[in-house]
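Worksheet for the structure shown next.
The values are calculated or read from the model by the stated rules, or taken from the named source; none is laboratory data. The shown structure was predicted, so the numbers you read here are calculated from the model rather than taken from an experiment. Cβ sites come from the backbone with ideal geometry, for glycine too, and all protein chains shown count toward neighbours. Accessible surface areas use protein heavy atoms only, side chains included; no ligands, DNA or RNA. Shrake-Rupley method; radii C 1.70, N 1.55, O 1.52, S 1.80 Å.
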Amino acid sequence: MEITGTIIEQINKMDKIIIFGAGVMGKALKMCLEAKPFNKTISCFIVSDIGNNPASIDGVRVIDIQRASEYKNATIIVALNESNLPGAIEGLHSHGFNNLLILNAAGDEWSSIKAYYFLHNQNECYIPYKELPVEINDDGNKSKVAVYIVKSIYDKQIAGELPLKSYEKAIQVGSSLTENKICDIQDDKGDNISDRNRQYCELTALYWLWKNVSDEYIGICHYRRRFDVQEKLMKKIARIGADVIVTVPVINTAGVGYQYCKIHSENDWNILRDEVHKHSPEYDDSFAKVEQQIYFHPYNMFVMRKDILNEFCEWMFPILFSCEGRIGTKEDRYQNRYPGFLSERLLNVFLYKNKDKYNIYVANKKYLG
């Protein structure tokens, strides 16, 4: 895995580590920076509202922004979700904090920090990942790889586009729900669930790929999140022994199951656990392990050998369909996407169950803001 040095070098040069944001991402950043090879000491957390935060986190004090004037000349690492960044930055500037190092939870800089952490702490993770080589000779047979970029007519505008790599193809999801065609490949041809896109999101593309495509390796990513893998390397993944490629996991310090219940639905999580047991009780232990884990791979973003993708989809979709039958439709448009949210966790259950069966490689991603 090739790690970009800019953000790593900046942090390594910092004498004081001060984090703005004491939520999930702030705690995860603390965990990464206190571990090798950073070996940093966190001076404090700064928050905009101390009333909604603890007084300390693992012995590190949490300070209200109005009482943190002693740190105005220091560099503050802002660690928040994208939606919370504008207000936080404006608030910091208004209080005289102008030396800011911004980390977007979905951005490349945060991914680089996590990748650097995992690179040096493999024993901490519950899946034995392998690293993709930086270089590979260009001789020998090439694998037939196609990574499909999921697009929709409802996609947000992004600052810039990346040109398609030779292994990438665009696919439109929810094609049956609109007459506006934006891609040559659409998810409403042949065997499909395109009309369920409002709930299943990128999974309508995955279902279509499972049923209608026969590439040797099949991948899926998003219009805003793309694999950052060299073309010649991606075409040689069979030669290096890769069965599955995923991106650097996110870190939920409270645990995968707890976090899902907190931001989505405890009832849905319990139904998922129950349906996994009904359909495949041999996965119960894997589900329990992932439920307690702090790492997981989000975004439904991966590359798999086709036979493995078949195995995964044959296992996962019946579970999701059963969950949908019990949960139904939600009025909240975001929470109505629960099949997609549940599937992200099921990917991790599948990977853990098969961690000794398949070679699982980890790769960087590129985020387009």
Item to complete: For segment 152-168, indicate whether the set of residues that are closer than 16 Å to M301 by Cβ, surrounded by 14 or more Cβ atoms within 10 Å (Cβ to Cβ), modelled with pLDDT of 90 or more and of a type in the set (V, I, T) is non-empty.
Response: no
Practice prompt. Only residues in segment 277-290 that are of a type in the set (V, I, T) count as the first member; pair them with residues that are assigned to a helix (DSSP H, G or I), Cβ under 6 angstrom, at least 6 apart or cross-chain, and list the lot.
Written response: V290/V256; V290/N348; V290/V349; V290/Y352
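Residues of segment 309-352 being of a type in the set (D, E, K, R) and under 19 Å from the mean Cα position of the chain (by Cα), which ones?
Within segment 309-352, R337, E344, R345 qualify.
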Worksheet item: What is the number of the single condition among (1) in contact with a Phe, Trp or Tyr (Cβ under 9 Å, 6 or more places away or on another chain); (2) surrounded by 12 or more Cβ atoms within 10 Å (Cβ to Cβ) that K36 does not meet?
Response: (2)
Discussion item. Can you find, within segment 251-298, the residue that is farthest from R226 (Cα to Cα) among those that are of a type in the set (A, V, I, L, M) and open to solvent by 20 Å² or more (accessible area, probe 1.4 Å)?
Written reply: A288
Worksheet item: Which one of the conditions (1) open to solvent by 70 Å² or more (accessible area, probe 1.4 Å); (2) farther than 19 Å from M14 by Cβ; (3) not β-branched (V, I, T) does N73 fail to meet, given that it meets all the rest?
Response: (2)
Discussion item. Pull out all pairs, ordered by first then second residue, where Cβ-Cβ is under 6 Å, the residues are six or more apart or on different chains, the first lies in segment 156-169 and is over 12 Å from R226 (Cβ atoms) and touching a residue at least 40 places away in the same chain (Cβ under 8 Å), and the second is among the acidic types (D, E) and surrounded by 10 or more Cβ atoms within 10 Å (Cβ to Cβ).
Written reply: S166/E231
Worksheet entry | Selection status of G140, over 20 Å from F302 (Cα atoms), open to solvent by 20 Å² or more (accessible area, probe 1.4 Å), at pLDDT below 95 and more than 19 Å from the chain's Cα centre (by Cα) | yes
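Per-residue answers, yes or no, for (1) open to solvent by less than 10 Å² (accessible area, probe 1.4 Å); (2) touching a residue at least 40 places away in the same chain (Cβ under 8 Å):
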residue	(1), (2)
Y200	yes, yes
T204	yes, no
Y207	no, yes
W210	no, yes
S214	no, yes
I218	yes, yes
R224	no, yes
K236	yes, yes
I240	no, yes
Worksheet, complete the sentence: Every listed condition ((1) farther than 20 Å from I127 by Cβ; (2) of a type outside the set (A, V, I, L, M, F, W, C); (3) touching a strand residue (DSSP E or B) at 6+ places or on another chain (Cβ under 9 Å)) holds for Y299 save (1)
Practice prompt. Any residue in segment 185-197 that's surrounded by 19 or more Cβ atoms within 10 Å (Cβ to Cβ): show its pairings with residues that are acidic (D, E) at Cβ separation under 6 Å, as long as the two are six or more apart or on different chains.
Written response: S194/D187; S194/D188
Item to complete: Hey, can you tell me all the residues within segment 349-369 that are in contact with an Asp or Glu (Cβ under 9 Å, 6 or more places away or on another chain) and either acidic (D, E) or part of a strand (DSSP E or B) (or both)?
Response: I360, Y361, V362, A363, K365, K366, Y367
Item to complete: Scan segment 118-155 for residues that are in contact (Cβ under 8 Å) with a residue 60 or more places away in the chain and among the aromatic types (F, W, Y) and jot them down.
Response: F118, Y126, Y129, Y148
